[in-house]
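Colleague: A single structure is presented below for examination.
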Amino acid sequence: MEVLKKRSLLCLCVLLAVLPVAAASSVSSVSAEDAYRQALTSYRDGDWNSATLFLRRAMTDSSLSTADAWFMLVNSQMYAQDYRSALSDCETFLSRFSDSPLVPYVQYQKGRALHFTGRNDDAVIVLSDFCHQNPGHALYASALYWIAECFFEDYGYDTARSLYERVVTEFPDDEKVSDAQFKLSLIAQREREEKLLYLLKMTGEESLSAREEYERQLRQYQNDDITSLRRELQTASQRIAELEQELAEAPVTAASGSSDGAEYTQPVEAVVTREQTQDYADSSDKNETQNTARTLSELKEKADLVERLLIQRLSEQQDGYGN
(Lines give C-alpha, C1' and ligand atoms only; values in the text may rest on other atoms or scores of the structure.)
Protein backbone atom coordinates (compact mmCIF):
# COMPACT_ATOMS: atom_id res chain seq x y z
CA MET A 1 0.00 0.00 0.00
CA GLU A 2 2.84 2.38 0.84
CA VAL A 3 4.51 1.65 -2.51
CA LEU A 4 1.21 2.34 -4.28
CA LYS A 5 0.87 5.67 -2.51
CA LYS A 6 4.40 6.69 -3.50
CA ARG A 7 3.79 5.73 -7.12
CA SER A 8 0.52 7.66 -7.19
CA LEU A 9 2.25 10.70 -5.74
CA LEU A 10 5.02 10.41 -8.33
CA CYS A 11 2.48 10.18 -11.16
CA LEU A 12 0.68 13.24 -9.83
CA CYS A 13 3.92 15.25 -9.69
CA VAL A 14 4.80 14.24 -13.25
CA LEU A 15 1.31 15.19 -14.43
CA LEU A 16 1.48 18.60 -12.77
CA ALA A 17 4.89 19.20 -14.35
CA VAL A 18 3.71 18.19 -17.81
CA LEU A 19 0.42 20.12 -17.90
CA PRO A 20 1.95 23.64 -18.23
CA VAL A 21 4.30 22.39 -20.94
CA ALA A 22 1.42 20.75 -22.79
CA ALA A 23 -0.66 23.92 -22.55
CA ALA A 24 2.18 26.06 -23.85
CA SER A 25 2.80 23.59 -26.66
CA SER A 26 -0.86 23.70 -27.62
CA VAL A 27 -0.82 27.50 -27.72
CA SER A 28 2.37 27.61 -29.78
CA SER A 29 0.70 25.58 -32.52
CA VAL A 30 -1.97 28.26 -32.97
CA SER A 31 -1.39 31.07 -35.46
CA ALA A 32 -0.71 34.54 -34.05
CA GLU A 33 -4.04 35.83 -35.38
CA ASP A 34 -6.02 32.97 -33.86
CA ALA A 35 -4.09 33.34 -30.62
CA TYR A 36 -5.06 37.00 -30.52
CA ARG A 37 -8.73 36.11 -30.97
CA GLN A 38 -8.48 33.57 -28.18
CA ALA A 39 -6.67 36.09 -26.00
CA LEU A 40 -9.48 38.61 -26.41
CA THR A 41 -12.07 35.99 -25.53
CA SER A 42 -10.10 34.78 -22.48
CA TYR A 43 -9.51 38.36 -21.35
CA ARG A 44 -13.21 39.16 -21.67
CA ASP A 45 -14.14 36.04 -19.70
CA GLY A 46 -11.60 36.65 -16.95
CA ASP A 47 -9.51 33.56 -17.80
CA TRP A 48 -6.27 35.31 -17.00
CA ASN A 49 -3.84 32.41 -17.39
CA SER A 50 -5.15 31.57 -20.85
CA ALA A 51 -5.18 35.24 -21.80
CA THR A 52 -1.52 35.47 -20.83
CA LEU A 53 -0.51 32.43 -22.87
CA PHE A 54 -2.44 33.50 -25.96
CA LEU A 55 -1.22 37.10 -25.77
CA ARG A 56 2.41 36.00 -25.60
CA ARG A 57 1.86 33.78 -28.63
CA ALA A 58 0.05 36.55 -30.53
CA MET A 59 2.77 39.09 -29.82
CA THR A 60 5.38 36.99 -31.58
CA ASP A 61 3.85 38.71 -34.61
CA SER A 62 5.23 42.25 -34.47
CA SER A 63 2.03 43.69 -35.97
CA LEU A 64 0.13 42.42 -32.91
CA SER A 65 2.72 43.48 -30.35
CA THR A 66 0.91 46.72 -29.65
CA ALA A 67 0.53 48.92 -26.58
CA ASP A 68 -3.00 47.57 -26.11
CA ALA A 69 -1.85 43.96 -26.24
CA TRP A 70 0.92 44.62 -23.70
CA PHE A 71 -1.56 46.43 -21.48
CA MET A 72 -3.89 43.43 -21.52
CA LEU A 73 -0.91 41.18 -20.75
CA VAL A 74 0.00 43.26 -17.69
CA ASN A 75 -3.59 43.25 -16.47
CA SER A 76 -3.95 39.51 -17.01
CA GLN A 77 -0.85 38.80 -14.96
CA MET A 78 -1.94 41.15 -12.17
CA TYR A 79 -5.33 39.46 -11.93
CA ALA A 80 -3.63 36.05 -12.01
CA GLN A 81 -1.35 37.27 -9.17
CA ASP A 82 1.78 36.68 -11.24
CA TYR A 83 3.23 39.92 -9.94
CA ARG A 84 6.87 39.38 -10.90
CA SER A 85 6.00 38.77 -14.54
CA ALA A 86 3.62 41.71 -14.49
CA LEU A 87 6.35 43.95 -13.09
CA SER A 88 8.75 42.91 -15.83
CA ASP A 89 6.16 43.55 -18.53
CA CYS A 90 5.25 46.92 -17.01
CA GLU A 91 8.88 47.91 -17.49
CA THR A 92 8.76 46.74 -21.11
CA PHE A 93 5.55 48.65 -21.77
CA LEU A 94 6.80 51.89 -20.22
CA SER A 95 10.04 51.78 -22.21
CA ARG A 96 8.41 50.90 -25.53
CA PHE A 97 5.16 52.88 -25.39
CA SER A 98 6.01 55.99 -23.38
CA ASP A 99 3.58 58.11 -25.40
CA SER A 100 0.60 55.76 -25.02
CA PRO A 101 -2.50 57.04 -23.20
CA LEU A 102 -2.39 53.77 -21.28
CA VAL A 103 0.84 54.75 -19.50
CA PRO A 104 -0.92 55.93 -16.30
CA TYR A 105 -2.76 52.60 -16.00
CA VAL A 106 0.46 50.64 -16.40
CA GLN A 107 2.27 52.93 -13.95
CA TYR A 108 -0.48 52.23 -11.43
CA GLN A 109 -0.19 48.47 -11.97
CA LYS A 110 3.57 48.69 -11.64
CA GLY A 111 3.16 50.30 -8.22
CA ARG A 112 0.80 47.54 -7.11
CA ALA A 113 3.12 44.85 -8.46
CA LEU A 114 6.01 46.34 -6.48
CA HIS A 115 3.86 46.28 -3.34
CA PHE A 116 2.83 42.67 -3.83
CA THR A 117 6.45 41.62 -4.37
CA GLY A 118 7.49 43.21 -1.07
CA ARG A 119 9.16 46.32 -2.50
CA ASN A 120 7.06 48.83 -0.61
CA ASP A 121 9.52 51.73 -0.73
CA ASP A 122 9.68 51.51 -4.52
CA ALA A 123 5.90 51.07 -4.70
CA VAL A 124 5.36 54.28 -2.72
CA ILE A 125 7.61 56.20 -5.12
CA VAL A 126 5.87 54.86 -8.26
CA LEU A 127 2.34 55.36 -6.92
CA SER A 128 3.21 58.82 -5.58
CA ASP A 129 4.50 59.77 -9.02
CA PHE A 130 1.27 58.45 -10.51
CA CYS A 131 -0.79 60.67 -8.17
CA HIS A 132 1.41 63.70 -8.85
CA GLN A 133 1.20 63.27 -12.62
CA ASN A 134 -2.50 62.31 -12.77
CA PRO A 135 -4.39 64.30 -10.12
CA GLY A 136 -7.78 63.81 -11.78
CA HIS A 137 -7.38 60.17 -12.76
CA ALA A 138 -10.12 57.64 -12.01
CA LEU A 139 -7.55 55.48 -10.18
CA TYR A 140 -6.23 58.31 -7.99
CA ALA A 141 -8.09 57.16 -4.86
CA SER A 142 -7.03 53.57 -5.46
CA ALA A 143 -3.42 54.69 -5.75
CA LEU A 144 -3.70 56.51 -2.42
CA TYR A 145 -5.14 53.36 -0.89
CA TRP A 146 -2.25 51.21 -2.10
CA ILE A 147 0.29 53.75 -0.84
CA ALA A 148 -1.43 53.49 2.53
CA GLU A 149 -1.22 49.69 2.30
CA CYS A 150 2.54 49.95 1.85
CA PHE A 151 2.90 51.99 5.04
CA PHE A 152 0.44 49.75 6.92
CA GLU A 153 2.40 46.64 5.99
CA ASP A 154 5.64 48.29 7.17
CA TYR A 155 4.04 49.43 10.47
CA GLY A 156 3.86 53.10 9.49
CA TYR A 157 0.39 53.37 10.96
CA ASP A 158 0.24 57.15 11.36
CA THR A 159 1.02 57.78 7.70
CA ALA A 160 -1.26 54.93 6.62
CA ARG A 161 -4.11 56.35 8.67
CA SER A 162 -3.83 59.80 7.12
CA LEU A 163 -3.93 58.29 3.63
CA TYR A 164 -6.87 56.01 4.41
CA GLU A 165 -8.69 59.05 5.80
CA ARG A 166 -8.05 60.94 2.57
CA VAL A 167 -9.63 58.12 0.58
CA VAL A 168 -12.70 58.15 2.83
CA THR A 169 -13.19 61.91 3.02
CA GLU A 170 -12.07 63.05 -0.44
CA PHE A 171 -13.48 60.14 -2.46
CA PRO A 172 -16.62 59.00 -0.60
CA ASP A 173 -18.04 57.23 -3.65
CA ASP A 174 -14.91 55.29 -4.56
CA GLU A 175 -14.92 51.50 -4.31
CA LYS A 176 -11.88 51.60 -1.99
CA VAL A 177 -13.71 53.51 0.74
CA SER A 178 -14.99 50.40 2.54
CA ASP A 179 -11.52 48.83 2.52
CA ALA A 180 -10.00 52.06 3.84
CA GLN A 181 -12.61 52.26 6.60
CA PHE A 182 -11.85 48.69 7.63
CA LYS A 183 -8.12 49.41 7.87
CA LEU A 184 -8.85 52.54 9.88
CA SER A 185 -10.81 50.42 12.35
CA LEU A 186 -7.83 48.06 12.69
CA ILE A 187 -5.50 50.98 13.36
CA ALA A 188 -7.93 52.41 15.93
CA GLN A 189 -8.16 49.04 17.68
CA ARG A 190 -4.39 48.80 17.84
CA GLU A 191 -4.10 52.31 19.28
CA ARG A 192 -6.69 51.54 21.97
CA GLU A 193 -4.84 48.42 23.02
CA GLU A 194 -1.50 50.26 23.12
CA LYS A 195 -3.02 53.01 25.25
CA LEU A 196 -4.41 50.53 27.75
CA LEU A 197 -1.11 48.67 27.93
CA TYR A 198 0.68 51.96 28.56
CA LEU A 199 -1.72 52.86 31.36
CA LEU A 200 -1.24 49.45 32.92
CA LYS A 201 2.51 49.85 32.76
CA MET A 202 2.30 53.25 34.45
CA THR A 203 0.10 52.03 37.28
CA GLY A 204 2.01 48.78 37.70
CA GLU A 205 0.83 46.70 40.60
CA GLU A 206 0.12 49.68 42.86
CA SER A 207 -3.58 49.87 42.19
CA LEU A 208 -5.77 46.80 41.93
CA SER A 209 -8.73 48.95 40.91
CA ALA A 210 -6.70 50.45 38.03
CA ARG A 211 -5.82 46.98 36.80
CA GLU A 212 -9.42 45.85 37.02
CA GLU A 213 -10.51 48.94 35.11
CA TYR A 214 -7.91 48.22 32.44
CA GLU A 215 -9.12 44.65 32.08
CA ARG A 216 -12.74 45.80 31.91
CA GLN A 217 -11.99 48.31 29.15
CA LEU A 218 -9.89 45.78 27.26
CA ARG A 219 -12.76 43.26 27.33
CA GLN A 220 -15.13 45.96 26.11
CA TYR A 221 -12.81 46.88 23.26
CA GLN A 222 -12.43 43.23 22.38
CA ASN A 223 -16.18 42.72 22.35
CA ASP A 224 -16.71 45.81 20.19
CA ASP A 225 -14.00 44.66 17.81
CA ILE A 226 -15.42 41.16 17.56
CA THR A 227 -18.90 42.54 16.90
CA SER A 228 -17.53 44.82 14.20
CA LEU A 229 -15.59 41.98 12.57
CA ARG A 230 -18.63 39.70 12.61
CA ARG A 231 -20.71 42.40 10.98
CA GLU A 232 -18.00 43.02 8.40
CA LEU A 233 -17.73 39.30 7.62
CA GLN A 234 -21.49 38.91 7.30
CA THR A 235 -21.71 41.87 4.92
CA ALA A 236 -18.82 40.55 2.84
CA SER A 237 -20.32 37.04 2.70
CA GLN A 238 -23.66 38.39 1.51
CA ARG A 239 -21.98 40.49 -1.16
CA ILE A 240 -19.85 37.53 -2.28
CA ALA A 241 -23.00 35.43 -2.73
CA GLU A 242 -24.60 38.23 -4.78
CA LEU A 243 -21.55 38.60 -7.03
CA GLU A 244 -21.24 34.85 -7.53
CA GLN A 245 -24.88 34.80 -8.59
CA GLU A 246 -24.22 37.65 -11.02
CA LEU A 247 -21.28 35.78 -12.54
CA ALA A 248 -23.31 32.59 -12.80
CA GLU A 249 -25.97 34.45 -14.76
CA ALA A 250 -23.56 36.55 -16.86
CA PRO A 251 -22.81 33.97 -19.59
CA VAL A 252 -26.53 33.41 -20.16
CA THR A 253 -27.11 37.14 -20.48
CA ALA A 254 -24.21 37.57 -22.86
CA ALA A 255 -25.33 34.65 -24.99
CA SER A 256 -28.81 36.04 -25.34
CA GLY A 257 -27.52 39.29 -26.90
CA SER A 258 -27.43 39.62 -30.66
CA SER A 259 -24.08 41.33 -30.96
CA ASP A 260 -21.89 40.39 -27.96
CA GLY A 261 -20.20 37.37 -29.46
CA ALA A 262 -20.51 38.26 -33.12
CA GLU A 263 -17.09 39.84 -33.56
CA TYR A 264 -15.34 36.60 -32.60
CA THR A 265 -16.64 34.88 -35.74
CA GLN A 266 -15.45 37.64 -38.05
CA PRO A 267 -12.18 37.49 -40.03
CA VAL A 268 -9.11 38.51 -38.08
CA GLU A 269 -8.80 41.67 -40.17
CA ALA A 270 -12.15 42.79 -38.76
CA VAL A 271 -11.25 41.83 -35.21
CA VAL A 272 -7.81 43.31 -34.87
CA THR A 273 -8.57 47.00 -35.13
CA ARG A 274 -7.53 49.85 -32.90
CA GLU A 275 -11.09 50.61 -31.83
CA GLN A 276 -11.99 47.04 -30.88
CA THR A 277 -8.67 46.38 -29.21
CA GLN A 278 -9.02 49.57 -27.20
CA ASP A 279 -12.41 48.35 -26.00
CA TYR A 280 -10.72 45.25 -24.64
CA ALA A 281 -7.76 47.18 -23.26
CA ASP A 282 -10.12 49.39 -21.27
CA SER A 283 -12.41 46.54 -20.28
CA SER A 284 -11.17 46.58 -16.68
CA ASP A 285 -13.44 49.64 -16.41
CA LYS A 286 -16.06 48.92 -19.08
CA ASN A 287 -16.69 45.18 -19.00
CA GLU A 288 -19.23 44.49 -16.29
CA THR A 289 -18.47 40.79 -16.05
CA GLN A 290 -14.76 41.39 -15.66
CA ASN A 291 -15.32 44.10 -13.05
CA THR A 292 -17.58 41.74 -11.14
CA ALA A 293 -14.93 39.00 -11.22
CA ARG A 294 -12.27 41.44 -10.02
CA THR A 295 -14.48 42.77 -7.22
CA LEU A 296 -15.37 39.23 -6.18
CA SER A 297 -11.71 38.25 -5.99
CA GLU A 298 -10.81 41.30 -3.89
CA LEU A 299 -13.83 40.80 -1.65
CA LYS A 300 -12.91 37.17 -1.00
CA GLU A 301 -9.40 38.27 0.01
CA LYS A 302 -10.90 40.83 2.35
CA ALA A 303 -13.36 38.28 3.82
CA ASP A 304 -10.48 35.88 4.41
CA LEU A 305 -8.53 38.60 6.24
CA VAL A 306 -11.56 39.52 8.35
CA GLU A 307 -12.20 35.88 9.21
CA ARG A 308 -8.60 35.36 10.30
CA LEU A 309 -8.71 38.51 12.41
CA LEU A 310 -11.99 37.39 13.99
CA ILE A 311 -10.51 34.00 14.90
CA GLN A 312 -7.48 35.77 16.37
CA ARG A 313 -9.64 38.14 18.44
CA LEU A 314 -11.81 35.29 19.73
CA SER A 315 -8.68 33.37 20.71
CA GLU A 316 -7.26 36.42 22.50
CA GLN A 317 -10.55 36.93 24.30
CA GLN A 318 -10.66 33.29 25.38
CA ASP A 319 -7.07 33.48 26.65
CA GLY A 320 -7.98 36.61 28.60
CA TYR A 321 -10.92 34.90 30.28
CA GLY A 322 -8.74 31.90 31.02
CA ASN A 323 -6.31 34.09 32.89
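Colleague: At a Förster distance of 30 Å, what's the computed FRET efficiency of Thr92 paired with Ala138, Cβ-Cβ distance as r, to 0.05?
Modeller: Efficiency, rounded to the nearest 0.05: 0.80.
Colleague: Assuming R0 = 45 Å, can you tell me the calculated FRET efficiency for the pair Ser31 and Glu170, based on Cβ-Cβ distance, to the nearest 0.05?
Modeller: Calculated value: 0.40.
Colleague: Pairwise over distinct Cα atoms, reciprocal of the mean inverse distance: report the Kirkwood radius of the range 67-173 in Å, one decimal place.
Modeller: Evaluated over the range 67-173, this radius sits at 13.9 Å.
Colleague: Let me ask you something else. Roughly how many Å² is the accessible area per residue of the range 99-175, as a whole number, for a 1.4 Å probe?
Modeller: For the range 99-175, the per-residue accessible area is 47 Å².
Colleague: Arranged from highest to lowest average of other beta-carbon atoms within 10 Å per residue, in what order do the peptides 130-136, 100-106 appear?
Modeller: 100-106, 130-136
The values are calculated or read from the model by the stated rules, or taken from the named source; none is laboratory data. On a predicted model such as this, the values are computed, not experimentally measured, just so you know. Heads up, the Cβs are rebuilt from the backbone with ideal geometry, glycines too, and the neighbour counts pull from every protein chain shown. Ligands, DNA and RNA are stripped out before the accessible areas are found, and what is left, the full protein with its side chains, is counted by its heavy atoms. Shrake-Rupley method; radii C 1.70, N 1.55, O 1.52, S 1.80 Å.
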